[in-house]
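*Asks:* I have a structure here, written as structure tokens, and I will follow up with some questions on it.
The values are calculated or read from the model by the stated rules, or taken from the named source; none is laboratory data. In this text the structure is predicted, and so the values were computed from the model without any measurement. For neighbour counting, all protein chains shown are included, and Cβ atoms are generated from backbone atoms with ideal geometry for every residue, glycine included.
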Amino acid sequence: MSSRRLLIIGGAAGPGLLGRFVALAGGPAARIVVIATASSEPDLAASSFGEAFTALGAGEVQALSISTRAEANAEQPLLRRATGVFFTGGEQERITRVIGGTRTDSLLHELTGAVIAGTSAGAAAMSGTMIAEGDAPGITRASVRTGPGLEFLPGVLIDQHFAERGRVNRLLSAVALYPHELGLGIDEDTAILTDGDRFEVLGSGAVTVVDAGAATDIRVPAQGPITLTGARIHVLAAGHTFHLAGRRPVADASTAEREAA
């Protein structure tokens, strides 16, 4: 089991979540690397997050400019000493197109003892199968388009800005297409923090988990609505924990006490 932790943020992160990332990276001893490859204005995005992390007590923050595959295949001494890596928002396919399969990609997977975080597009890219886009009405093939992610957290499909942008249709569509994957819809200013095969929910919103593993019928026609029956849905607020391998929420202490009473 890797000692690396993942902080996956649904977008619009407030100081609470950003401060948690800084603390996980080491606070005053942190060496944070910001990767703004997804952004259309990478220098501005990296600078903005860099200032925020510094204000929250990070000891060292540097931007790693990667806009081409040649740059992604260069030596990355900053990454080798990083205690925290942060992917900004933007276009998630730009991350996988530029970084996927490169030396930087391999190095990120080899990091231990560091926390890797991503917000918005940076969150979507963390899964093996990545939700790239989709805003068609209904639950259909046309409601979602997927592609390969960076596979930091395999076995899940991650959608972001979930409640704010009404993305339940495309997450349900994605899970029907990939029923072996757990769908995770993460609201803004909300995150999951992984710890082995579990994650904890942090922030002000909720995480919606869609599990089609127990579905009794899945039908995905070339056109028209999808049929999905018997799937499970969990909505988890801050403080709740989910067991990824067991595909189940973990009761918190207060719930366990009530059940024992």
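*Asks:* Working carefully through the options 102, 119, find the one that is under 20 Å from residue 8 (Cβ atoms) and hydroxyl-bearing (Ser, Thr, Tyr).
*Replies:* 119
*Asks:* Something else about it: Tell me, which residue of the stretch 18-34 that is in contact (Cβ under 8 Å) with a residue 60 or more places away in the chain and buried (at least 23 other Cβ atoms within 10 Å of the Cβ) is farthest from residue 237 (Cα to Cα)?
*Replies:* Among those residues, the one meeting the criterion is 25.
*Asks:* Residue 95 - would you say it is outside any loop (DSSP other than H, G, I, E, B) and among the β-branched types (Val, Ile, Thr)?
*Replies:* yes
*Asks:* Here are some residues: 68, 37. Which one is in contact with a helix residue (DSSP H, G or I) (Cβ under 9 Å, 6 or more places away or on another chain), buried (at least 20 other Cβ atoms within 10 Å of the Cβ) and among the β-branched types (Val, Ile, Thr)?
*Replies:* Matching residue, one of 68, 37: 37.
*Asks:* For the stretch 235-243, check the following and say yes or no: at least one residue is in contact with a His (Cβ under 8 Å, 6 or more places away or on another chain), surrounded by 20 or more Cβ atoms within 10 Å (Cβ to Cβ) and in contact (Cβ under 8 Å) with a residue 24 or more places away in the chain.
*Replies:* Yes, there is a match, as at least one residue in the stretch 235-243 is in contact with a His (Cβ under 8 Å, 6 or more places away or on another chain), surrounded by 20 or more Cβ atoms within 10 Å (Cβ to Cβ) and in contact (Cβ under 8 Å) with a residue 24 or more places away in the chain.
*Asks:* Quick check on residue 46: is it surrounded by fewer than 24 Cβ atoms within 10 Å (Cβ to Cβ), without any contact (Cβ under 8 Å) to a residue 60 or more places away in the chain and within 20 Å of residue 189 (Cα to Cα)?
*Replies:* Yes.
*Asks:* Which residue pairs have Cβ atoms closer than 7 Å, lie 6 or more positions apart in sequence or on different chains, and pair a first residue in the stretch 137-161 that is without any contact (Cβ under 8 Å) to a residue 12 or more places away in the chain with a second residue that is buried (at least 21 other Cβ atoms within 10 Å of the Cβ) and among the hydrophobic types (A, V, I, L, M, F, W, C)?
*Replies:* none
*Asks:* Then there's this: For the stretch 114-163, give me the residue count where each residue is hydroxyl-bearing (Ser, Thr, Tyr) and touching a helix residue (DSSP H, G or I) at 6+ places or on another chain (Cβ under 7 Å).
*Replies:* Selection size over the stretch 114-163: 3.
*Asks:* Turning to a different aspect of this structure: Right, residue 52: outside any helix (DSSP H, G or I) and at pLDDT 95 or above or not?
*Replies:* no
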